[in-house]
Structure formats: C-alpha cells, structure tokens
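**Student:** Okay, here's the structure, questions in a sec.
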Amino acid sequence: MNVPALPPLSLYVHLPWCVRKCPYCDFNSHAAGTDAPRDRYIDALIADLTAEAERARDRTIVSIFMGGGTPSLFSPAEIAAILDAIAAGFALERDVEITMEANPGTVERGSLAGYRAAGINRLSVGAQSFDADKLEVLGRIHAVEDISRTMSEARDAGLENINIDLMYALPGQDIEAALADIDRAVELQPTHVSWYHLTLEPNTVFYVRPPDDIPDNVQAAAIQEAGEARLAELGYERYEVSAYARDGQRCRHNLNYWSFGDYLGVGAGAHGKITADSGVVRTVKKANPREYMQSMMESRELDPGVVLAESDLLFEFMLNALRLTEGFDEQLFTDRTGLPVAILRQRAASLRERGLLGEADGNRLQPTPVGRRFLNELQAHFLPE
C-alpha cells in the first residue's frame with residue numbers, strides 16, 4: 001500500500017465476562033461472574049498474541065486498552081500474566097498508555113495496587129450515574145459509594161490518569177439531574193470524562209422493552225448542550241463526540257482509533273485494523289468466548305483478515321475522523337488511506353454548502369456545530385455509492 005509512513009499501532013485486549021449483562025449493553029459481553037474459565041481464556045489470549053505478533057512485525061505498540069466485559073473480574077495476577085505476554089512478544093513505547101476498564105462493583109479492596117504494579121497506568125471507571133435509582137434502572141451492580149471508593153483507592157495505588165464513564169438522557173433524567181451527575185463526577189477529579197448518550201441498541205433488553213420516560217431527541221439535545229457547557233466551565237475540553245479531557249490527558253488509544261491509526265485486536269470478538277502491503281486489512285475474532293478459546297488452541301495460524309476495498313476506505317476513515325471536534329488535516333486522509341485528497345474534497349463539497357462541514361486553518365476539515373449535532377447523517381454521506 002502506497003503510504004508515506006505506517007500509522008501508530010495500538011493493541012486492544014477483550015475480556016468478555018461480566019457479573020451480569022446490563023440491559024442497554026450491545027458489546028460482546030457474557031454473564032459469567034466468578035465462574036468464567038479465566039485460566040483457559042488467558043492461554044487462548046497468549047496464543048492469539050503470539051499470532052498477532054507476526055502481523056506487528058517490528059512495529060512499536062503506543063497504547064494498550066483492556067476492555068470488556070468487565071476486565072476487573074480478572075485478578076491482578078491474571079492481568080499481569082497478560083501484560084507480561086504482551087511485553088515478551090511486542091516492542092512497547094517507553095511511555096506506553098495501558099488502560100483497563102473497571103466496574104466499581106467488582107473492584108476488591110487492595111486490587112488496584114496490584115493492577116498498578118502489573119503495569120496498568122490508566123483506569124476507566126464505569127460509573128454511568130451518581131443517582132442510585134438510575135443505577136438500578138440501568139442494571140448496574142455497583143452502589144454510588146463504590147464509585148468514590150474506587151477513585152480513592154486508585155489514587156492511593158498511584159493511578160493518576162483516570163477516566164469516569166457517565167451516561168445521559170437516562171429514563172426520567174432532566175437537565176438538572178444530568179448536571180448533578182457531572183458535578184459529582186468532577187468532585188472526584190478525574191483527568192478525563194466520557195459522557196455518552198444512552199441509546200437503545202438492537203439485541204439489547206432495552207431495545208425490546210424500552211424503559212419508561214426516556215428523554216426525546218429535543219430533551220436529550222438540551223441536556224447535551226448544558227452538559228458540554230458545564231464540563232467546559234469545569235476545565236474539561238471536548239475533543240471528540242463523547243470525550244472530555246483536562247490537563248492534556250486525552251486518551252491516546254482512542255485518538256489512534258479516531259485518526260484511523262492501526263490496532264491489533266485479541267480476545268473474543270476483538271476487531272483489528274492494520275496497514276499492510278496489500279492495503280488496509282480488517283480482522284475479527286470469534287465472538288463466543290468458548291468458540292474463541294477453541295479456535296485459538298486448535299489453530300495458531302494467523303488469520304489473514306479482509307482487505308478493504310478502495311470504495312470503503314473513504315467511509316471507514318470519515319466514520320472515525322468526523323468524531324474529532326477539531327477535525328483533521330486533509331493530508332491525514334492520504335497518509336492513512338493512500339487515496340488522493342481530491343476524492344475527499346469532491347464528496348465533502350456539498351456538505352460545506354449545507355453548513356455541515358467547515359474548514360479550519362486552511363486544509364483542515366472540521367464538523368460544524370450543526371454537523372456534530374447530525375453526525376450520523378454526516379458520516380452516512382461518505383458511504384460507498
């Protein structure tokens with residue numbers, strides 16, 4: 001593939017089990033709790049990592065993200081075993097960002113020090129709300145006080161780079177209640193806040209049986225506008241659709257996704273994207289954990305993946321890059337896809353005329369405030385014709 005240089009390379013590790021599956025969750029997560037076959041799964045992960053190391057060749061990993069599921073169901077020793085296998089098989093950037101998601105209801109006292117010792121240097125805490133009634137509706141297993149306890153213990157363990165996940169447009173939630181959640185979160189001084197709109201996704205309980213009193217689109221937009229203003233007032237800069245950071249603590253791993261960087265995916269259902277001589281290659285692992293473990297232990301050959309057609313590259317790039325509040329330089333499109341900028345400019349012209357896409361600093365494309373409000377339509381404009 002004709003690109004001037006390979007993009008940064010990240011690594012995603014999927015740990016699929018939860019105590020129970022939340023009714024809004026459409027991620028590849030499976031209720032198993034403490035009965036999950038974690039030892040066998042780690043063996044499969046190590047086999048997966050060994051195969052993926054061939055794809056990485058001599059490239060350096062700039063970030064690692066351990067997501068789920070609920071990674072904090074795995075013990076510090078188990079997380080250390082996974083990270084040790086990564087360190088043995090890959091070159092890691094000296095200050096590599098290593099994030100682990102944690103559910104406050106599964107974090108045992110003293111475990112965060114073990115995670116930090118294992119190599120975790122960024123924690124993502126799934127708070128979702130500071131309203132006990134809302135947590136119950138969302139099917140969360142943690143209590144409000146578990147959130148502050150987890151944050152306190154994380155700091156005691158030496159974890160300073162901490163994200164808090166929050167959701168808005170919750171059943172029965174108004175602007176005042178949403179802002180109260182933000183205020184409670186910021187009192188705990190996270191370096192990063194991920195503030196997501198609750199959506200009813202197919203294949204979820206909420207999609208089949210929606211909860212009562214969900215804010216409509218107009219109400220949700222008002223909540224979003226008020227929340228963005230409150231987060232800015234409190235020192236958190238919005239740099240992506242749902243990501244807010246202070247003190248320069250943007251999530252490097254997710255920024256690599258949104259900038260159409262490369263990433264390896266290991267674990268059940270994990271997706272990967274890699275720039276190769278043949279083009280941009282997409283990979284995906286078997287989603288069912290037992291099928292994944294069986295496949296990894298029976299065949300350790302590297303799955304070649306699927307090379308994206310040129311007609312898909314424009315959409316795939318824009319699907320990610322349009323999420324960035326500051327937009328992107330047009331040259332990045334060519335650098336990451338190998339396609340001429342003229343293709344991008346041609347498809348973007350009508351969006352400029354409609355006021356959905358603007359230019360910042362010359363050749364930098366950026367969604368306008370209206371474009372951000374209608375992001376799905378903006379992205380869909382770049383689907384293959």
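The values are calculated or read from the model by the stated rules, or taken from the named source; none is laboratory data. Being a predicted model, the structure only gives us computed values, none of them experimental. Here the Cβ is made from the backbone with ideal geometry for all residues, glycine too, and neighbour counts use every protein chain on show.
**Student:** Inspect all residues belonging to region 361-372 and state whether any of them is within 29 Å of ALA268 (Cβ to Cβ) and in contact (Cβ under 8 Å) with a residue 40 or more places away in the chain.
**Tutor:** No; the residues of region 361-372 include none that is within 29 Å of ALA268 (Cβ to Cβ) and in contact (Cβ under 8 Å) with a residue 40 or more places away in the chain.
**Student:** Could I ask something else about it? All but one of (1) in contact with an Asp or Glu (Cβ under 9 Å, 6 or more places away or on another chain); (2) at pLDDT below 95 hold for VAL193; state the number of the condition that does not hold.
**Tutor:** (2)
**Student:** Also, quick follow-up: Considering only region 293-357, give the helices (runs of 4 or more DSSP H) lying wholly within it that have at least 1 residues that are touching a Lys or Arg at 6+ places or on another chain (Cβ under 8 Å) and either among the acidic types (Asp, Glu) or closer than 24 Å to GLY261 by Cα (or both).
**Tutor:** 310-321, 330-337
**Student:** Further question on the same structure: Based on this model, can you work out whether PHE27 counts as aromatic (Phe, Trp, Tyr) and more than 18 Å from the chain's Cα centre (by Cα)?
**Tutor:** No, not satisfied.
**Student:** So which residues in region 112-145 are without any contact (Cβ under 8 Å) to a residue 60 or more places away in the chain, over 18 Å from ASN163 (Cα atoms) and crowded, with 19+ Cβ neighbours inside 10 Å?
**Tutor:** Correct list: ALA118, ASP131, LYS134, LEU135.
**Student:** Can you pull out every residue in region 269-311 that is over 30 Å from PRO4 (Cα atoms), more than 23 Å from the chain's Cα centre (by Cα) and surrounded by 15 or more Cβ atoms within 10 Å (Cβ to Cβ)?
**Tutor:** Scanning region 269-311 gives MET293, SER295, MET296.
**Student:** If ALA185 meets every condition in (1) of a type outside the set (Lys, Arg); (2) farther than 25 Å from GLY67 by Cβ; (3) in contact with a strand residue (DSSP E or B) (Cβ under 7 Å, 6 or more places away or on another chain) apart from one, which number is that one?
**Tutor:** Of everything listed in (1) of a type outside the set (Lys, Arg); (2) farther than 25 Å from GLY67 by Cβ; (3) in contact with a strand residue (DSSP E or B) (Cβ under 7 Å, 6 or more places away or on another chain), ALA185 misses just condition (2).
**Student:** Look through region 1-42, keep the residues that are surrounded by fewer than 17 Cβ atoms within 10 Å (Cβ to Cβ), within 22 Å of PHE317 (Cα to Cα) and in contact with a Lys or Arg (Cβ under 8 Å, 6 or more places away or on another chain), and return whichever of them is modelled with the lowest pLDDT.
**Tutor:** The qualifying residue modelled with the lowest pLDDT is VAL3.
**Student:** Next question, about the same structure. Quick check on my filter: what residues within region 63-74 are outside any helix (DSSP H, G or I) and either surrounded by 22 or more Cβ atoms within 10 Å (Cβ to Cβ) or at pLDDT below 95 (or both)?
**Tutor:** Answer for region 63-74, where residues must be outside any helix (DSSP H, G or I) and either surrounded by 22 or more Cβ atoms within 10 Å (Cβ to Cβ) or at pLDDT below 95 (or both): SER63, ILE64, PHE65, MET66, GLY68, GLY69, THR70, PHE74.
**Student:** Shifting gears a bit: Which one of VAL193, VAL218, VAL266, VAL208 is β-branched (Val, Ile, Thr), crowded, with 16+ Cβ neighbours inside 10 Å and either without any contact (Cβ under 8 Å) to a residue 12 or more places away in the chain or closer than 30 Å to ARG57 by Cα (or both)?
**Tutor:** Of VAL193, VAL218, VAL266, VAL208, the one residue that is β-branched (Val, Ile, Thr), crowded, with 16+ Cβ neighbours inside 10 Å and either without any contact (Cβ under 8 Å) to a residue 12 or more places away in the chain or closer than 30 Å to ARG57 by Cα (or both) is VAL266.
**Student:** Could you list, in sequence order, the residues of region 231-257 that are surrounded by fewer than 17 Cβ atoms within 10 Å (Cβ to Cβ) and part of a helix (DSSP H, G or I)?
**Tutor:** ALA232, GLU233 - these are the residues of region 231-257 that are surrounded by fewer than 17 Cβ atoms within 10 Å (Cβ to Cβ) and part of a helix (DSSP H, G or I).
**Student:** Additional query: If a residue counts only when it is of a type in the set (Val, Ile, Thr), which strands (runs of 3 or more DSSP E) contained entirely in region 83-177 have at least 2 such residues?
**Tutor:** It comes to 91-102, 161-168.
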